[in-house]
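Note sheet for the following structure.
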Amino acid sequence: MTAYGAFLSRFEKKPEDGGGQPDRVEEESESAYLTANFHVARAWSRLEDVESLRQSLHAYEYLDSYLRRNRVEGMETEAAVCKEMVELLPRRLAERNSQERAAA
């Protein structure tokens, strides 16, 4: 995850531009950028703690927004997966939250 984070940080907006994730990445780097984001989102979702699931949801929400806004050709399957995960992860988070409360 550290290597992906370092790679993805190269695409972040400059602080004077508001910082954060880009609205669009240059076309020649877009596939690598999106694939790295997918791997990070998936890795977070594999961990079962609430904070990791929140991180995963945040990553999938960003990807879903990016792909809807930019209509990246060849990423239709990934866009469908993102949309599905944005719908499923809140339920998984709620279940995990209730499990953690019951265990406490």
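The values are calculated or read from the model by the stated rules, or taken from the named source; none is laboratory data. Not measured: the values here are computed from a predicted model. Quick reminder, even Gly has a Cβ in these numbers, built from the backbone with ideal geometry, and neighbours come from all protein chains shown.
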remark   = Matching residues in segment 87-102 (basic (Lys, Arg) and exposed (fewer than 12 other Cβ atoms within 10 Å of the Cβ)) number 2
Whichever residue in segment 70-86 is over 24 Å from residue 20 (Cβ atoms) and within 17 Å of the chain's Cα centre (by Cα) and, among such residues, is surrounded by the fewest Cβ atoms within 10 Å (Cβ to Cβ) = 77
ask   = Does at least one position in segment 59-69 carry a residue that is surrounded by fewer than 18 Cβ atoms within 10 Å (Cβ to Cβ), modelled with pLDDT of 95 or more and either among the polar types (S, T, N, Q) or at positive phi (or both)?
value = yes
remark   = Taking segment 11-28 and the residues there that are closer than 13 Å to residue 70 by Cβ and not aliphatic (A, V, I, L, M), the one that is nearest to the chain's Cα centre (by Cα) would be 21
query = Would you pick out the residues in segment 16-72 that are charged (D, E, K, R) and touching a residue at least 40 places away in the same chain (Cβ under 8 Å)?
reply = 23, 24, 30, 48, 49, 69
